[in-house]
Amino acid sequence: MDEPARPRHMAPVPAEPPAGPTAEELMGRVAKGDERAFELLYDQLAGPIYGLVRRIVRDAAQSEEVAQEVLVELWRTATRYAPERGSALNWAMTLAHRRAVDRVRSARASTEREQKATFEAARGRPFDEVAESVTARLERSQVRRCLSFLTDLQRESVLLAYYQGYTYREVAEVLSTPQGTVKTRLRDGLIRLRDCLGVTA
């Protein structure tokens with residue numbers, strides 16, 4: 001049986017145009033200070049780098065910042081890249097992962113330091129001492145006047161803790177607020193109350 005003739009409209013598929021330089025080739029040129037090569041490398045790697053960083057860091061603004069740091073590091077350290085050790089993409093992603101993890105650890109450590117500082121401040125100046133001196137030395141009307149100078153959140157925390165006998169945990173539950181935030185509100189509120197009332201240590 002004869003093969004069917006190829007329809008005239010089916011022309012041969014043209015070959016694809018040659019692809020641009022690979023990331024590995026671009027890294028070699030970047031290592032020699034080729035700025036145009038870095039622009040091309042940036043276009044190839046910026047998306048994957050940002051995507052990886054965003055999954056780790058979560059915050060969009062910080063992710064953009066970390067991704068930029070990684071790309072700058074690629075420019076500065078291009079001479080260290082060795083193709084035999086892996087692709088340029090893998091090398092860039094390794095740098096991105098390291099930077100992203102460092103940023104998360106740094107943010108976590110900063111939060112822990114702030115919480116510790118708040119706790120130490122609370123220990124250094126017990127809130128009960130302020131409350132006792134206020135109630136012992138001043139008229140209730142003056143206390144009410146000074147309470148009006150606090151923010152709503154500070155006043156709620158102070159009233160619950162010192163006039164209704166709630167613990168930090170109970171105040172946090174009533175206000176649907178983390179205990180650390182409650183302690184900060186109490187500390188700031190009592191400092192303002194103490195200053196208004198003229199209570200000394």
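What the table shows:
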read-out	value
Qualifying residues in the stretch 158-167 (those that are under 20 Å from ARG194 (Cα atoms) and surrounded by fewer than 17 Cβ atoms within 10 Å (Cβ to Cβ)) - the one modelled with the highest pLDDT	LEU159
Output for the stretch 39-68, where each listed residue is closer than 18 Å to MET27 by Cβ and among the charged types (D, E, K, R)	GLU39, ASP43
Residue in the stretch 75-89 that is modelled with pLDDT of 90 or more, in a helix (DSSP H, G or I), open to solvent by less than 50 Å² (accessible area, probe 1.4 Å) and of a type outside the set (Phe, Trp, Tyr) present	yes
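So that you can scan it fast, the table gives a plain yes or no per residue for (1) at pLDDT below 75; (2) under 37 Å from the mean Cα position of the chain (by Cα); (3) of a type in the set (S, T, N, Q):
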{"residue": "THR118", "(1), (2), (3)": "yes, yes, yes"}
{"residue": "GLU132", "(1), (2), (3)": "yes, no, no"}
{"residue": "VAL143", "(1), (2), (3)": "yes, no, no"}
{"residue": "GLU156", "(1), (2), (3)": "no, yes, no"}
{"residue": "SER176", "(1), (2), (3)": "no, yes, yes"}
{"residue": "THR181", "(1), (2), (3)": "no, yes, yes"}
{"residue": "THR200", "(1), (2), (3)": "yes, no, yes"}
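The values are calculated or read from the model by the stated rules, or taken from the named source; none is laboratory data. Note that the structure is a prediction, hence the values are computed from the model and not measured. Every residue, glycine among them, receives a Cβ derived from its backbone with ideal geometry; neighbour counts consider all protein chains shown. Keep in mind that these areas ignore ligands, DNA and RNA; they rest on the heavy atoms of the full protein, side chains included. Shrake-Rupley method; radii C 1.70, N 1.55, O 1.52, S 1.80 Å.
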